[in-house]
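The values are calculated or read from the model by the stated rules, or taken from the named source; none is laboratory data. Worth saying up front: this structure is predicted, and the values here are computed from it rather than measured. No Cβ is skipped: glycine too gets one built from the backbone with ideal geometry, and neighbour counts run over all protein chains shown.
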Amino acid sequence: MSATAVPAPALRHPTLPLFTRRAALLGVGGLLALPALGRDAKPQPAAPTVWPHALAVPGGVARLSLGPAATRPVAQARQGHADVPVLVVGDAIAWTAVVGIPLSAMPGDAHITVATADGGTRQVAYTVAPKQYKEQHLKVSPRTVDLSPQDQARFERERDHQAQVMATFSEQPAGGALQSLRMQVPVPGRRSSSFGLRRVFNGQPRNPHSGMDIAAATGTPIVAPLPGKVIDVGDYFFNGGTVWLDHGQGLLTMYCHLSSMDVRVGDVLRAGEAFCKVGATGRVTGPHLHWGVMLNRTMVDPALFVPA
Ligand SMILES: [Zn+2]
């Protein structure tokens, strides 16, 4: 029997408090026998060794059981008008797809498509629960919102280059097979919880904040959170000094506003190896690391990958 054959009732309403889930299971008539209720309503204990934390909301991560298969299943997520390959980890006994959910995703039914041994495909469904992110209104000098034609042209060139970097998908990470997805925090410091914050400058909505800001002094070394390969090093209009790492199968991490970048494209890093330093380059008000984590070309909350 495949692991997907038995739906876990308690997981259908992941955002509801336990008693509400229990009520949902009972229905209006409360017809379920009590022993069954007691068993089904028990929260599923999260395995402490499983990373990232599953949180199926916009900007979160869905972990989907794909069951057994001799070789790693090929899975894809529909994003906009493109099919984007999805990270799959595990072994012949149990494979798991780890799916990044875009901040722009609508709550409701979603699915990935998995190639089957007979050359066809099957769909594996999940539900995106709603999450309301905070909104921040800022009044700033119009010059900082409306770019000059030169700056706008530079920004567009850089955006196209970044899109190519983000499309990186390597089957295997440079350091060997993808094992644990548990990351170490790349730099010590106070971590913001501003992932997903919707920012409105002078009444104009901007892209939501798509990473974690970690406050640290300029020059503080930043370490690789997992083994990885350097796939981009650059100095960009908004992001300043920036490095991208590829950890395999579309799991990428991004480091911005750096004061120094001590690597080149192609370098392979061990987990914990220092490779760049905190700075205040690009559009920032003070030194910090902007840390981004990307799965299937979508930025997800880095907090799901690190110990609290
Ligand atoms: Zn940031």
note = Taking region 199-217 and the residues there that are away from the ligand (no atom under 16 Å from the Cβ) and among the polar types (S, T, N, Q), the one that is surrounded by the most Cβ atoms within 10 Å (Cβ to Cβ) would be Asn202
query = Among (1) modelled with pLDDT of 90 or more; (2) exposed (fewer than 13 other Cβ atoms within 10 Å of the Cβ); (3) within 20 Å of Val293 (Cα to Cα); (4) polar (S, T, N, Q), which single condition is Gln184 missing?
reply = (2)
query = Scanning for something assigned to a loop (DSSP other than H, G, I, E, B), surrounded by fewer than 15 Cβ atoms within 10 Å (Cβ to Cβ) and on the phi > 0 side of the Ramachandran plot, does region 58-76 turn up at least one residue?
reply = no
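Do we find a residue being within 13 Å of the ligand (Cβ to nearest atom) and of a type outside the set (Lys, Arg) anywhere in region 232-239? Give the steps one after another, and end with the answer.
Here is the first cut: in region 232-239, the ones within 13 Å of the ligand (Cβ to nearest atom) are 238-239.
Restricting the remaining residues to those that are of a type outside the set (Lys, Arg) gives 238-239.
Checking region 232-239: at least one residue is within 13 Å of the ligand (Cβ to nearest atom) and of a type outside the set (Lys, Arg).
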query = Of all residues in region 266-308 being at pLDDT 95 or above and among the hydroxyl-bearing types (Ser, Thr, Tyr), which is farthest from Gly211 (Cα to Cα)?
reply = Thr281
inquiry  = I'd like the residue in region 50-97 that is closer than 18 Å to Ser210 by Cβ and β-branched (Val, Ile, Thr) and, out of all such residues, is farthest from the chain's Cα centre (by Cα).
reply    = Val84
request  = Give me a count of the residues in region 145-184 that are assigned to a helix (DSSP H, G or I), of a type outside the set (Lys, Arg) and more than 30 Å from Glu273 (Cα to Cα).
outcome  = 8
message = Restricting to region 288-308, and then to whatever is in a loop (DSSP other than H, G, I, E, B) and surrounded by 23 or more Cβ atoms within 10 Å (Cβ to Cβ), can you tell me which residue is farthest from the ligand (Cβ to nearest atom)?
response = Asn296
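Please state which one of Ser141, Ser148 is closer than 25 Å to Ser192 by Cα, without any contact (Cβ under 8 Å) to a residue 60 or more places away in the chain, surrounded by fewer than 11 Cβ atoms within 10 Å (Cβ to Cβ) and not assigned by TED's automatic domain parsing to the domain that holds Gly80.
Details: Ser148 fails: closer than 25 Å to Ser192 by Cα.
Every option except Ser141 fails the conditions.
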